[in-house]
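Okay, so here's the structure we're looking at.
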Amino acid sequence: MSGRDMVKPLLGHRTIEGDPSITPAAGRTIGVLGSGDFARSLAIRLVCSGFKVVVGSRNPRRKAGLFPSAAEVTLQAEAVKKTDVIFVAVFREHYSTLCDLADVLVGKILVDVSNNTEINHHKESNAEYLASLFPACTVVKGFNVVSAWTLQSGARDGNKQVLICSNNQEAKRTIAEIAQVMGFTPVDMGCMSSASEIENIPLRLLPAWKIPIFLALGLFICFFTYNLIRQVIHPYIREQKNKLYKIPIEVVNTTLPCVAYVMLSLVYLPGVLAACSQLYYGTKYRRFPDWLDQWLQHRKQIGLLSFFCAALHAMYSFCLPMRRSHRYQLIETAVKQAVEKKMNIWVEEEVWRMEIYISVGIIALGLLSLLAITSLPSIANSLNWREFSFIQSTLGFIALVISTLHTLTYGWSRAFDENQYKFYLPPTYTLTLLVPCTVILAKVIFNFPCIQQRLQRIRRGWEKGRYVKFVLPSARGEYSSGETSSNV
């Protein structure tokens, strides 16, 4: 990609917000050691941000064509001599090849942008290892969480944060200034001991999603097995009918709404448990158990997975009439009606049940879509706290209530039909109602004035059994102090 195609930096040459002592540095000469993809993307970004770039390569003639024409490509020793700030864009195993430059690197700022292939692959971080090889230099860890694609396309299409750490405060300020001019947001992560944590960040695969994903998979396996027994194994054993064809579509489609419904209720259940804990202990300052604290932190991911399963359920349901088995069943039903000379098979109750069932389901999916959209950082940042809380809390609870109506409408009177109990197992939807109905009932109880007022007082700082000072005026107009329990 040429320099002309680069997107201009978002923040231009403004100083870092909250740190007016840092001044713009566009026009400064920056060195880059390395000629890989990241080095080329970094050189392009620096050139388009107004910096003069000198690239150090062991084969400058062969690599010159890979860099923008505004960047100077020369030998590594020559590049180091022309600048005080050098980005080391080489792998850790190649650090030793730079030892010949130790004399000319004295007093320079080295920016280590490398990453490992595994978390905690080495005892010391790459930046600490580089600092041990060049003790006369100042090493700064940074830009490793930014991809080559982000550097080429500009900060609009990637993560804008650049994590920086070093034992030298002035060096960190210099690199933070460069990152700001490039259109990124520098984040000071402290001293060099934080380098290991920074290097581990790009290697983690969805760390906040592991528990919610395992939870969703566990629920899916449980409900899928339950539905498999009822819909496939039961007719095979009792009626010798082979209904394995139901597994890919029908059994999965029966399982997905169960997972979505239970996952949605699990978003609001920890809030209920937290409120119960505060009411029981009479304080908001008591720490929640670790499992509850983790549960509260994963509510966003649980909610998004609930929406994902609900969306899949809608698509599966939409495709149900397309199946060949469904067509055969329609023809078979029509033939039976013709043989039995049934002219009118309209069942008013079933018609109303399905109409209401589908309508309520569409509304529930629409509310879940709204919750999912507002969970995106770009959307959430455009809302104030009251708006965000109203959508995620109030509308989210309404979505849970409507999903409950959707489930009850589906069941209608099936729970009282003995033919629905296969192997004496109740219909699947009746099991899914347990947790959501518990949450809804608890929410209703919490809205009783006596409980709501007490909970509000606790969340505003009131504590059971705490003594507070008060001042009473005496008969002479003087004031005397005393103590009373906040229980009174």
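The values are calculated or read from the model by the stated rules, or taken from the named source; none is laboratory data. The model shown is predicted, which means the values in this text are computed figures rather than measured ones. Cβ coordinates were reconstructed from backbone atoms using ideal geometry, including for glycine residues, and neighbour counts include every protein chain displayed. Protein only, heavy atoms only, side chains kept; ligands, DNA and RNA dropped before computing areas. Shrake-Rupley method; radii C 1.70, N 1.55, O 1.52, S 1.80 Å.
Give the residue, chosen from 300, 246, 241, that is charged (D, E, K, R) and open to solvent by less than 50 Å² (accessible area, probe 1.4 Å). Show your work before the answer.
Working: 300 fails: open to solvent by less than 50 Å² (accessible area, probe 1.4 Å); 241 fails: open to solvent by less than 50 Å² (accessible area, probe 1.4 Å).
Step by step, each of 300, 246, 241 is checked, and only 246 is charged (D, E, K, R) and open to solvent by less than 50 Å² (accessible area, probe 1.4 Å).
Could you check how many residues of region 431-452 are under 16 Å from residue 368 (Cβ atoms) and either surrounded by fewer than 18 Cβ atoms within 10 Å (Cβ to Cβ) or outside the structural domain of residue 272 (by the TED database) (or both)? Please lay out each step first, then the result.
Taking region 431-452 and keeping what is under 16 Å from residue 368 (Cβ atoms), we get 432, 436, 439.
If we keep only those that are either surrounded by fewer than 18 Cβ atoms within 10 Å (Cβ to Cβ) or outside the structural domain of residue 272 (by the TED database) (or both) too, we end up with none.
Of the residues in region 431-452, 0 are under 16 Å from residue 368 (Cβ atoms) and either surrounded by fewer than 18 Cβ atoms within 10 Å (Cβ to Cβ) or outside the structural domain of residue 272 (by the TED database) (or both).
Can residue 359 be described as part of a helix (DSSP H, G or I) and closer than 23 Å to residue 297 by Cβ?
Numbers: part of a helix (DSSP H, G or I): yes; closer than 23 Å to residue 297 by Cβ: no.
So residue 359 does not fit the description; no.
Within region 370-387, does at least one residue satisfy the condition of being charged (D, E, K, R), under 26 Å from residue 313 (Cα atoms) and either surrounded by 11 or more Cβ atoms within 10 Å (Cβ to Cβ) or touching a Lys or Arg at 6+ places or on another chain (Cβ under 7 Å) (or both)? It would help to see each step written out before you state the result.
Going residue by residue through region 370-387, those that are charged (D, E, K, R) are 386-387.
From the residues that got through so far, the ones that are under 26 Å from residue 313 (Cα atoms) too are none.
Looking through region 370-387, none of the residues is charged (D, E, K, R), under 26 Å from residue 313 (Cα atoms) and either surrounded by 11 or more Cβ atoms within 10 Å (Cβ to Cβ) or touching a Lys or Arg at 6+ places or on another chain (Cβ under 7 Å) (or both).
Check every one of the helices (runs of 4 or more DSSP H) wholly within region 237-325 and list those with 1 or more residues that are over 29 Å from residue 443 (Cα atoms) and touching a residue at least 24 places away in the same chain (Cβ under 8 Å).
Values: elements: 252-281, 290-297, 299-319.
By residue number, 252-281, 299-319.
Right, residue 467: assigned by the TED database to the domain that holds residue 223, of a type in the set (Phe, Trp, Tyr), at pLDDT below 95 and touching a Ser or Thr at 6+ places or on another chain (Cβ under 6 Å) or not? Before the answer, list the steps.
On the way: assigned by the TED database to the domain that holds residue 223: no; of a type in the set (Phe, Trp, Tyr): yes; at pLDDT below 95: yes; touching a Ser or Thr at 6+ places or on another chain (Cβ under 6 Å): yes.
Taking the combined requirement at face value, the residue does not satisfy it.
Restricting attention to region 162-188, which residues are open to solvent by 60 Å² or more (accessible area, probe 1.4 Å) and touching a Lys or Arg at 6+ places or on another chain (Cβ under 8 Å)?
188
In the set 363, 391, which member is touching a His at 6+ places or on another chain (Cβ under 9 Å) and not aromatic (Phe, Trp, Tyr)?
Values: 391 fails: touching a His at 6+ places or on another chain (Cβ under 9 Å).
After applying the criteria, what remains is 363.
Go through (1) touching a residue at least 40 places away in the same chain (Cβ under 8 Å); (2) under 30 Å from residue 377 (Cα atoms); (3) surrounded by fewer than 20 Cβ atoms within 10 Å (Cβ to Cβ) for residue 141 and report which single condition fails.
For residue 141, the exception is condition (3).
Kindly provide the set of residues from region 326-361 that are without any contact (Cβ under 8 Å) to a residue 12 or more places away in the chain, closer than 22 Å to residue 258 by Cβ and of a type in the set (A, V, I, L, M, F, W, C), ordered by number.
354, 358
Would you please list the contacts, defined by Cβ atoms under 7 Å and residues six or more apart or on different chains, that run from a residue in region 42-70 that is outside the structural domain of residue 100 (by the TED database) to a residue that is surrounded by 18 or more Cβ atoms within 10 Å (Cβ to Cβ)?
Qualifying pairs under 7 Å: none.
Of (1) outside any strand (DSSP E or B); (2) free of Cβ contacts under 8 Å to residues at least 60 places away in the same chain, residue 162 satisfies all except one. Which?
For residue 162, the exception is condition (1).
Does residue 159 qualify as being at pLDDT 95 or above, open to solvent by 70 Å² or more (accessible area, probe 1.4 Å) and in the same structural domain as residue 112 (by the TED database)?
Numbers: at pLDDT 95 or above: no; open to solvent by 70 Å² or more (accessible area, probe 1.4 Å): yes; in the same structural domain as residue 112 (by the TED database): yes.
Spelling it out, it is not the case that residue 159 is at pLDDT 95 or above, open to solvent by 70 Å² or more (accessible area, probe 1.4 Å) and in the same structural domain as residue 112 (by the TED database).
Which one of the conditions (1) open to solvent by 20 Å² or more (accessible area, probe 1.4 Å); (2) in contact (Cβ under 8 Å) with a residue 60 or more places away in the chain does residue 195 fail to meet, given that it meets all the rest?
Here residue 195 meets the rest and fails (1).
Taking residue 279, is it out of contact with any Lys or Arg (no Cβ under 7 Å at 6 or more places or on another chain), within 23 Å of residue 438 (Cβ to Cβ) and assigned by the TED database to the domain that holds residue 401?
Numbers: out of contact with any Lys or Arg (no Cβ under 7 Å at 6 or more places or on another chain): no; within 23 Å of residue 438 (Cβ to Cβ): yes; assigned by the TED database to the domain that holds residue 401: yes.
Taking the combined requirement at face value, the residue does not satisfy it.
Could you tell me which residue of region 405-418 is surrounded by the most Cβ atoms within 10 Å (Cβ to Cβ), considering only residues that are free of Cβ contacts under 8 Å to residues at least 40 places away in the same chain and in a helix (DSSP H, G or I)? Even if it seems obvious, please write down each step before you answer.
Start the filter on region 405-418 by keeping residues that are free of Cβ contacts under 8 Å to residues at least 40 places away in the same chain, which leaves 408, 411, 413-418.
In the following step, the residues that additionally are in a helix (DSSP H, G or I) were identified as 408, 411, 414-416, 418.
Numbers: 408: 17, 411: 19, 414: 15, 415: 14, 416: 8, 418: 6.
It comes out as 411.
Specify which of the listed residues (261, 226) is modelled with pLDDT of 95 or more and touching a strand residue (DSSP E or B) at 6+ places or on another chain (Cβ under 9 Å).
Matching residue, one of 261, 226: 226.
Listed here are the residues, each with its yes/no results for (1) outside the structural domain of residue 45 (by the TED database); (2) not small (Gly, Ala, Ser).
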residue	(1), (2)
148	no, no
166	no, no
178	no, yes
184	no, yes
218	yes, no
231	yes, yes
247	yes, yes
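Of (1) surrounded by fewer than 19 Cβ atoms within 10 Å (Cβ to Cβ); (2) acidic (Asp, Glu); (3) closer than 21 Å to residue 174 by Cα; (4) at pLDDT 90 or above, residue 112 satisfies all except one. Which?
Status for residue 112: all satisfied but (1).
Go through region 419-430 and count every residue that is open to solvent by 50 Å² or more (accessible area, probe 1.4 Å) and either among the hydroxyl-bearing types (Ser, Thr, Tyr) or under 29 Å from the mean Cα position of the chain (by Cα) (or both).
2
Determine whether region 76-87 contains at least one residue that is of a type outside the set (Lys, Arg), free of Cβ contacts under 8 Å to residues at least 12 places away in the same chain and open to solvent by 40 Å² or more (accessible area, probe 1.4 Å).
Residues of region 76-87 of a type outside the set (Lys, Arg): 76-80, 83-87.
When the remaining residues are screened for being free of Cβ contacts under 8 Å to residues at least 12 places away in the same chain, the result is none.
No, region 76-87 contains no residue that is of a type outside the set (Lys, Arg), free of Cβ contacts under 8 Å to residues at least 12 places away in the same chain and open to solvent by 40 Å² or more (accessible area, probe 1.4 Å).
Mind listing just one residue for me: the one in region 333-359 that is surrounded by 10 or more Cβ atoms within 10 Å (Cβ to Cβ) and among the polar types (S, T, N, Q) and, of those, modelled with the highest pLDDT?
359
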